[in-house]
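The values are calculated or read from the model by the stated rules, or taken from the named source; none is laboratory data. A quick note: this is a predicted structure, and the numbers were derived from the prediction, not measured. Quick reminder, even Gly has a Cβ in these numbers, built from the backbone with ideal geometry, and neighbours come from all protein chains shown.
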Amino acid sequence: MKTLLYPRLTAPLLVSLSEQDCRGSEDNQGVNIRCKKTQTDPTPVCSICRPEISLPLHLKSSGSDMSGELSLSTGADSLRETGATPGIYDLKMQIGNCTFVEPHAVRLFNQIPAEYTFCLLTDFHLYPPYTSFPFGLSVAHVRKCLAQAMQLRPEFLLFCGDVSSLIFFYPWSVAAMRRLLIEEVSCPVFFVPGNHDGYLFRLAGLTWWDGWVYWQQHLGPLYQSFDFGQDHFIGLNTFDWQPARRNIFSRAEFLTFRFRLGAFISDEQIRWLERDISEARKREQRIFFFLHHSPLHSQFFRPNGQTLKGTWEGTNRERVLELICESHAVAVFCGHQHYTAMETWEGIPFFLTASSASYNEPGFDYAFKKITIRNGVLASVETIPFQI
Ligand SMILES: [Fe+2]
Ligand SMILES: [Fe+2]
């Protein structure tokens with residue numbers, strides 16, 4: 001079974017109708033990629049005639065990753081000549097007899113405005129209706145939250161991890177999240193996972209559940225970056241532990257019910273991050289980060305001053321901070337701690353965002369953020385409370 005990693009529902013491709021700023025150009029015979037306007041217009045706007053626009057796609061097959069450039073062509077001199085209009089589109093890909101459709105994977109737009117707004121959401125901790133374990137939000141709560149965010153007419157949504165609550169709900173929760181995004185959201189969404197999304201259940205030599213498998217099948221890649229005009233957004237996977245360390249059935253952790261909560265970023269992801277920052281700096285882009293665990297802390301800190309283990313347990317915390325600093329980041333957006341706060345480090349603001357407050361304590365209100373960027377700087381950061 002093959003899983004397309006990019007572009008995906010939570011890692012969509014943004015295509016400027018005026019600039020056609022897609023990357024690369026290769027002729028790939030026998031591959032047919034189509035963008036179909038979502039819901040309203042079933043007519044394909046693009047079909048392969050000759051390669052003019054190229055989509056960087058990543059095909060993952062069992063055990064090995066294949067990366068390559070697959071071509072998307074309009075058969076016209078420009079996308080605009082095809083009659084394509086700004087909007088969000090499904091990606092349809094046919095290889096031989098196999099058809100792959102990814103909803104909302106392509107966004108066509110006219111021009112990136114100098115001032116734009118996006119919403120930052122995090123830590124839904126979806127729990128299914130058949131459980132009496134209300135850790136986080138129900139489908140109805142998340143639907144309401146997404147609808148409220150869409151009323152603000154954001155250009156896109158960022159999500160900083162913890163879609164799920166318990167590992168045993170993964171088959172349901174990531175599929176439910178996918179359905180909610182398709183039904184409720186009409187702008188691009190960019191997701192990174194949290195610790196609650198990445199646990200693994202391995203017993204008797206068999207892997208029964210692996211959060212990363214569900215995540216990549218239903219949502220998209222584990223880390224990514226994208227451009228919005230001159231602004232470059234980097235989303236990191238901060239629960240990048242080796243499988244053995246994500247296993248909830250590892251002896252010590254299972255027996256003590258102290259599952260791993262904290263962050264770890266592998267050397268492989270660091271190398272990707274170094275390359276990504278270097279390329280963005282060459283393009284003189286302004287850089288923003290979104291990730292689950294704040295690298296400022298090796299421990300949870302809470303409004304009452306209490307600290308708990310579990311924010312950054314693994315390596316590369318300092319290296320991530322160095323890279324954030326070297327990139328001259330405009331801002332860093334984090335989740336995980338379930339409340340709203342801002343800290344500054346080396347002049348860079350780090351924002352924590354509440355959403356699914358599971359503690360039922362003062363200071364842990366349900367909220368998301370509305371962020372406005374003007375000419376590459378933070379014009380405003382508002383905390384928008386929502387009631388459940
Ligand atoms: Fe969380
Ligand atoms: Fe978390």
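Per the conditions (1) over 23 Å from the mean Cα position of the chain (by Cα); (2) at pLDDT below 80, the sole criterion not satisfied by R260 is (1).
Within region 194-220, the set of residues being polar (S, T, N, Q), closer than 21 Å to L121 by Cβ and away from ligand 2 (no atom under 16 Å from the Cβ) comprises just one member, Q216.
One line per residue, one yes/no per condition, for (1) of a type in the set (S, T, N, Q); (2) within 16 Å of ligand 1 (Cβ to nearest atom); (3) farther than 23 Å from F168 by Cα:
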site: T117; (1), (2), (3): yes, no, yes
site: T131; (1), (2), (3): yes, no, no
site: S138; (1), (2), (3): yes, yes, no
site: H141; (1), (2), (3): no, yes, no
site: L146; (1), (2), (3): no, no, yes
site: M150; (1), (2), (3): no, no, yes
site: R153; (1), (2), (3): no, no, yes
site: F156; (1), (2), (3): no, no, yes
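Say whether the condition of being in contact with a strand residue (DSSP E or B) (Cβ under 8 Å, 6 or more places away or on another chain), at pLDDT below 85 and of a type in the set (S, T, Y) is met by at least one residue in region 346-363. Within region 346-363 (the criterion being in contact with a strand residue (DSSP E or B) (Cβ under 8 Å, 6 or more places away or on another chain), at pLDDT below 85 and of a type in the set (S, T, Y)), the answer is yes, since at least one residue qualifies.
When restricted to residues that are touching a Leu at 6+ places or on another chain (Cβ under 7 Å), of a type in the set (A, V, I, L, M, F, W, C) and more than 11 Å from L236 (Cα to Cα), region 262-299 contains 1.
Those strands (runs of 3 or more DSSP E) of region 117-206 that lie entirely within it include none in which at least 3 residues are out of contact with any strand residue (DSSP E or B) (no Cβ under 9 Å at 6 or more places or on another chain). Among the conditions (1) away from ligand 2 (no atom under 16 Å from the Cβ); (2) in contact with a Phe, Trp or Tyr (Cβ under 9 Å, 6 or more places away or on another chain); (3) more than 17 Å from Y214 (Cβ to Cβ), C160 misses just one, which is (1). The numbered conditions (1) surrounded by 15 or more Cβ atoms within 10 Å (Cβ to Cβ); (2) in contact with a helix residue (DSSP H, G or I) (Cβ under 6 Å, 6 or more places away or on another chain) are all true for T340 except (2). Selection of region 308-340 for residues being within 18 Å of A263 (Cβ to Cβ), in contact (Cβ under 8 Å) with a residue 24 or more places away in the chain and within 16 Å of ligand 1 (Cβ to nearest atom) yields K309, G310, T311, W312, E313, F333, C334, G335, H336, Q337, H338, Y339.
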